[in-house]
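Every number in this text was worked out from the coordinates using simple rules, so none of it is lab data. These numbers come from a predicted model, not from an experiment. Here the Cβ positions follow ideal geometry from the backbone for every residue, glycine too, while neighbour counts run over all protein chains shown.
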Ligand SMILES: NC(=O)c1ccc[n+]([C@@H]2O[C@H](COP(=O)([O-])OP(=O)(O)OC[C@H]3O[C@@H](n4cnc5c(N)ncnc54)[C@H](O)[C@@H]3O)[C@@H](O)[C@H]2O)c1
Ligand SMILES: [Zn+2]
Ligand SMILES: [Zn+2]
């Protein structure tokens, strides 16, 4: 099959590799109809997260079931399915508690949590390819209505729509709350969309990329351009001096200032300043325990020096971590089917698998409005 293969920093190539096969009775093979490039893929792409050369990349996958192992009973050949980016066994203690993001059995390294085509998430190949092997298929796969309708919306169910939603869950967004979201990338925009769906009274989205801020406004948010205004002043002004009830971090360890210089503590500091006393913060942007290319020696060891003193004094709660996609994807799917959610509106480019290297380059440079790229391996 054809696949996008990782060879090192700024080097992904479309190559012919072995077709995946059923290796265990609970496996399924999916023919990929859509695989998205994610902001998280840029971490290995930029050489900021170590990944084995030769690995097929891609964790945002959907498609049609091509083959199932002898032990698969619920999922059938021909089903249209979304593949959550968390790869989970379904029977360990964390899976039983709903934390498929911290499965204790799927990652042979012993680390909690596994995934497809991603650093430290196990040996599993990704889905930026014609075919994908899915272990524990009955547990992991989410069925979708047959056909091709809502393809661009459903493809957001594997990661960023549930992840944005998870940010609002950690931030305890409920009807009437005010919400400040940092980052107008796909995850931040999905957090803003989710906050609206949960009945927020106002949602602010902070970034400096004007095309992304415009997209956030299309989802009903108020844009705040941090390169033009003081974010703390802006949020306090808009909330009668109180600050927002809830804050979502959708930027991660590469947070930077208007000039582009990295300050990994910058967004956490801004959240502590703009969320009111006793408010809640959800951090879904990624922070790593080791980051050899970080801006400071402390950050190289994963130690992010943000204003925890003020966070404590204000009594702010902070939730963090990978999204357990299965906790939300069924309900989010149904919001799409019933016309209440439209996550696919963020798609900026739809390209063939052959164009993936060019799309990575442009998405990484944030040129030509590259916000969310979909690959169509069967095109
Ligand atoms: N927790 C999870 O399960 C999970 C899942 C998917 C993605 N993620 C992570 O979420 C983060 C966002 O993902 P994405 O795909 O939207 O990434 P992205 O890189 O496309 O977007 C990040 C945005 O943050 C903006 N930004 C940078 N510095 C900022 C600052 N100081 N203030 C405000 N905005 C700033 C950038 O301009 C950019 O638009 C990444 O760290 C990604 O790895 C986490
Ligand atoms: Zn992703
Ligand atoms: Zn498990």
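Brief remarks on what is shown
- Within the listed set 273, 338, 212, the Gaussian network model of the chain (springs between alpha-carbon atoms below 10 Å) gives the highest mean-square fluctuation for 338.
- Global form of region 277-326, assessed from the alpha-carbon gyration tensor, a/c cut-off 1.5: oblate
- If you wrap the Cα atoms of the chain in a convex hull and average its projected area over all directions, you get 17.3 nm².
- When the Gaussian network model of the chain links Cα atoms closer than 10 Å, the mean-square fluctuations of 231, 267, 367 top out at 367.
- In terms of surrounding Cβ atoms within a 10 Å radius of their Cβ, 320, 274 rank from fewest to most as 320, 274.
- Spin-label model distance (nm) - residue 18 vs residue 67, 7 Å beyond Cα toward Cβ: 1.3 nm
- If R0 equals 22 Å, the separation of the Cβ atoms of residue 379 and residue 10 corresponds to a calculated FRET efficiency of about 0.30.
- Taking every DSSP helix (H) stretch of at least 4 residues in the chain, weighting each as -39,500 (n - 2.57) and dividing the sum by the residue count yields a mean residue ellipticity at 222 nm of -6500 deg cm²/dmol.
- Residue with peak Gaussian network fluctuation, the chain [Cα springs, cutoff 10 Å], from 54, 285, 167: 54
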